[in-house]
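**Q** One structure follows; several queries about it will come next.
Coordinate-derived values only; no laboratory data. Keep in mind the model is a prediction, meaning the values are calculated, not measured. We place every Cβ from the backbone using ideal geometry, glycine too, and count neighbours over all the protein chains shown.
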Amino acid sequence: MRAALFLAAGFALALFLSGCEQLLSGFGGTGGGSFVSGTSVTLSGHLLNWPGGTGTLYNVHSEPAEIGQTNPMTGPIQNDGSFTLTLTYPPSWNPYDYPDDCNGAVQVSDTSVGMTTLNLQVKDAQGNIVGSAQERNTPSADPAVGNKWIAYVFVEGDLSIHGTCNLGTKSEVHLDLKTGWNAVVIEITAVSTSGGVTTASAIKEYPATSEDGFHWYYDAW
């Protein structure tokens, strides 16, 4: 298993960890069912911090010019920051594989099941990439204990992941994913500081059973 199930390309949501894409460790938490399910899910909300003007919210893994994707997922952003984005089945995404970097500490029920994650970025009215979007419990994207955000995960079949992996960042793993989209909370449980840079040293991930306490934020680059 990779030193994370979701590696850099998976979560630009890793803004929490250092302000740029990083490797994130797998899942963890208490199990239970996600409030999101199915192969077609519509997200809607209001981007806080939005400066005004229209734009486009898009998944970086569905940019045709980048990876030849034929089923892009994009949604309009209105002048007030409100948006709607429909998540569908991503047939041409490259699924993650499961090399056993954790020395068997994390058990994956079926390594043939394709899995990938949503990674949302923002373009302005002229088509320039201007930032990212994330659903989290704090206005700040800086790493701190108790910071949480919601990741949207797609699996091509039911998938169970259990165990504990420690590859620089400790990750507790205990999750059952259902076919289609799943909402997962990523929570920072410990941080460390080196050379003036603070990063997450431990995280846990578990099913998001509601969106209570979470808001969508626009982070300008």
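**Q** For the range 206-215, what does the Karplus curve 6.51 cos²θ - 1.76 cosθ + 1.60, with θ = phi - 60°, yield as ³J(HN,Hα) per residue in whole Hz, taken in order and with x for Gly and Pro?
**A** 8, x, 7, 8, 6, 9, 4, x, 10, 9
**Q** Dipole magnitude of the range 79-221 about its Cα centre, charges +1 at Lys/Arg Cβ and -1 at Asp/Glu Cβ only, in debye to the nearest 20? Write down the numbers at each step before the final one.
**A** Details: 6 positive and 17 negative charges, 44 e Å.
In total the dipole reaches around 220 debye.
**Q** Here is a follow-up. Could you calculate the contour length gain from Val197 to Trp221, that is, 0.36 nm times the residue separation minus the distance between their Cα atoms, to one decimal place in nm? Intermediate results must be reported in sequence, preceding the final value.
**A** Working: separation 24, 0.36 × 24 = 8.64 nm, distance 1.87 nm.
Net length gain for the segment: 6.8 nm.
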